[in-house]
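Enquirer: Pasting a structure below so you can have a look.
The values are calculated or read from the model by the stated rules, or taken from the named source; none is laboratory data. Just so it is clear, the model here is predicted, and its values are computed rather than measured. Counting neighbours? That spans all protein chains shown, and the Cβs are built from the backbone with ideal geometry, glycine included.
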Amino acid sequence: MEKNTYIPAERQKKMMEYIEANTSAQIHELAEKFHVSEATVRRDLDDLDQQGALRRTHGGAIKVDRSTSYESMYSEKISQMLEEKHRIAEYAAQMVKPGDTVLIDSGTTTFFIAQALAHHENLTIITNDLYIAYQTPVHPSSMLIVTGGTRRQGRQELVGSIPESFVRDSHVDVAFIGVDGIDLTGGVTNANFTEVGLKRLMIAAAARSVIVADHTKFGRVALARICDLKEASLLITDRGIESETLSRLKKLGVQIETV
């Protein structure tokens, strides 16, 4: 049996894949396979159940039919473009200075930014993502604030009037914002309307608003428009972006960094 070396999200993905392949699994079975405690397995299964990735049962979990899901499950998305997301996160974290107030949007790339800030000193970190809040170790000199709000069904982000009011009344040094689509004509977009108002407020609240997105998000136009390309202070993506797209963005005056 191999020693567990997965971060929680990667371990959860492996658990979900195992359950889908075997239809069901018991807690003791997963604990042995992934070399973790049964308490850890219970937490992982509870998280996956909340995300709609599986269905919890007494003593374990069973697979669910996800054929009608319109948004990728968090545990799937976090393992996609993993190397690129880590590079983006490390670059983004270097922008943060001691004493900064940092607003971190929900998402998988933003999750890795939060992880990259774990050892930064004297930060105030604000997030509307319960998964980020739960999984992010912060330096003893730093403070983590959760916006509050209503948890979106089957997800881990907090939405609604409470986080919107919180962000509207805030001023932060930098906000890192996740998106689903970036297009030369369609602008910056998101897969659902529920989060759009909050993302717009995050941009407005930040002295420097930074959109983080791997190259697969470019050329996509998702359901709901967030903002124009130049409304954010900076876009950070990976080197996989097409050279023509990058050139056209720069000609439009969009501030963009590739890592």
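Enquirer: Do you know which residues across region 137-157 are polar (S, T, N, Q) and either surrounded by 17 or more Cβ atoms within 10 Å (Cβ to Cβ) or assigned to a loop (DSSP other than H, G, I, E, B) (or both)?
Expert: 141, 142, 147, 153, 156
Enquirer: So residue 173 fits all but one of (1) more than 28 Å from residue 46 (Cβ to Cβ); (2) modelled with pLDDT under 95; what number is the exception?
Expert: Status for residue 173: all satisfied but (2).
Enquirer: Consider residue 187 against the criteria (1) touching a residue at least 40 places away in the same chain (Cβ under 8 Å); (2) touching a helix residue (DSSP H, G or I) at 6+ places or on another chain (Cβ under 9 Å); (3) surrounded by fewer than 23 Cβ atoms within 10 Å (Cβ to Cβ): it satisfies all of them except one. Which criterion is unmet?
Expert: (2)
Per-residue answers, yes or no, for (1) at pLDDT below 95; (2) out of contact with any helix residue (DSSP H, G or I) (no Cβ under 7 Å at 6 or more places or on another chain):
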site	(1), (2)
31	yes, no
57	yes, yes
75	yes, no
90	no, no
96	no, yes
104	no, no
107	yes, yes
114	no, no
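Enquirer: Separate question: Considering every residue within region 166-176, establish whether at least one is buried (at least 16 other Cβ atoms within 10 Å of the Cβ) and closer than 24 Å to residue 49 by Cα.
Expert: Within region 166-176, not a single residue is buried (at least 16 other Cβ atoms within 10 Å of the Cβ) and closer than 24 Å to residue 49 by Cα.
Enquirer: Based on what the data block shows, is residue 134 crowded, with 17+ Cβ neighbours inside 10 Å and aromatic (Phe, Trp, Tyr)?
Expert: Values: crowded, with 17+ Cβ neighbours inside 10 Å: no; aromatic (Phe, Trp, Tyr): yes.
No.
Enquirer: Continuing with this model, one more query. Show the residue pairs that are 6+ apart or on different chains and have beta-carbon atoms under 6 Å apart, the first residue being within region 124-138 and farther than 17 Å from residue 162 by Cβ, the second being modelled with pLDDT under 95 and of a type in the set (Gly, Ala, Ser).
Expert: 137/118
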